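So the structure is just underneath, and the comments pick up after that.
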Amino acid sequence: RTPLTVITGFLENLAGAPGTPPEHRRPLELMRRQSERMRTIIEDLLTLSRLEMDEHPADLAPVDVAEELRLILNEAGALSAGAHRFEADIDPELMLMGNAVELRSAFSNLIYNAVKHTLPGTLVRVTWRQEPQGPILSVQDNGQGIAPEHIPRLTERFYRVDKARSRDSGGTGLGLAIAKHVLNRHDARLIIASEPGLGSTFACRFPPGSAVYEDLAEPCAPAPRAQSRG
């Protein structure tokens with residue numbers, strides 16, 4: 001990471017330096033972007049390596065999922081730059097027993113993917129609620145959808161449905177692999193449903209005992225039916 005950080009820093013300084021000839025600025029900026037992309041790939045590979053070293057996460061504590069999602073949605077809005085529409089139906093009191101850093105990584109990968117891999121004008125809907133089967137986070141879009149033959153392979157490392165679009169969006173091809181590993185460590189499942197032309201849904205299904213409500217100090221039994229509070 002350190003060599004790439006140094007290279008990226010020098011390229012950024014050179015590209016913006018007053019004495020740099022105009023015809024050199026574009027090649028320098030392209031090199032800087034590729035260096036930054038390589039740094040991101042390395043960071044994701046290191047994250048995957050750490051996740052694979054231990055079967056279960058450490059430092060479990062109640063995670064304020066509603067607040068994490070609020071921050072992620074703000075970042076997703078900046079990433080979209082106004083090109084996407086966002087809706088949220090989030091239970092503000094429903095928390096989750098887990099590792100906050102790992103869960104934020106999984107949730108952000110799913111939400112950012114809904115922005116990176118869909119066209120402008122797409123609606124991205126994020127839902128966080130309690131169901132009889134346990135807490136569930138759902139990220140749904142009405143984008144172009146994914147062909148059935150790709151779905152079983154989406155969580156493979158570096159697998160891309162549209163390689164050109166993935167490169168243009170800055171994706172590393174590791175986000176869903178990271179999300180799957182995080183969920184496995186939390187005894188949860190990643191459920192993917194999609195149909196070409198009708199959009200996609202990526203859902204994280206957590207076990208019933210992982211739910212914690214803000215005003216209680218211990219895990220809660222699932223509610224008899226889901227309620228919308230956000």
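The values are calculated or read from the model by the stated rules, or taken from the named source; none is laboratory data. Keep in mind it's a predicted model, so treat the numbers as computed, not measured. Because the Cβ atoms are built from the backbone with ideal geometry, glycine has one as well, and the counts that use them run over all protein chains shown. When the accessible area is computed, the model is the full protein with side chains, heavy atoms only, and any ligands, DNA or RNA have been set aside. Shrake-Rupley method; radii C 1.70, N 1.55, O 1.52, S 1.80 Å.
Quick one: which residues, 5 or more positions from L123 or on another chain, have an amide H under 5 Å from its amide H? H modelled 1.01 Å from N in the peptide plane, none for Pro or chain starts.
Distant-sequence amide H within range of L123: R85, N142.
What is the sum of charges around A100, taking Lys and Arg as +1, Asp and Glu as -1, for the other residues whose C-beta is under 9 Å from the C-beta of A100?
Local charge sum for A100: -3.
Kindly provide the Kirkwood hydrodynamic radius of region 53-157 in Å, to one decimal, from all pairs of distinct alpha carbon atoms.
That comes to 15.0 Å for region 53-157.
Read phi for every residue in region 194-199 and hand back ³J(HN,Hα) as whole Hz from Karplus 6.51 cos²θ - 1.76 cosθ + 1.60, θ = phi - 60°, with x for Gly and Pro.
For region 194-199, the Karplus curve yields 7, 8, x, x, 10, x Hz.
Can you tell which of P27, P92, P18 shows the greatest fluctuation in a Gaussian network model of the chain with Cα springs below 10 Å?
Highest fluctuation of the listed residues: P18.
Nearest 500 deg cm²/dmol is fine: what mean residue ellipticity at 222 nm does the chain get from its DSSP H runs of n ≥ 4 alone, each adding -39,500 (n - 2.57), divided by its residue count?
-14000 deg cm²/dmol
Express the relative contact order of the chain as a whole percentage, based on alpha carbon pairs under 8 Å and six or more residues apart in sequence.
Relative contact order here is 22 percent.
How much accessible area per residue does region 1-86 have, counting only protein heavy atoms and a probe of 1.4 Å, in square angstrom?
66
Once phi is turned into θ = phi - 60°, what whole-Hz ³J(HN,Hα) does the Karplus curve with 6.51, -1.76 and 1.60 give for every residue of region 143-154, x standing for Gly and Pro?
Using θ = phi - 60°, the values come out as x, 6, x, 10, 5, x, 5, 8, 4, x, 9, 5 Hz.
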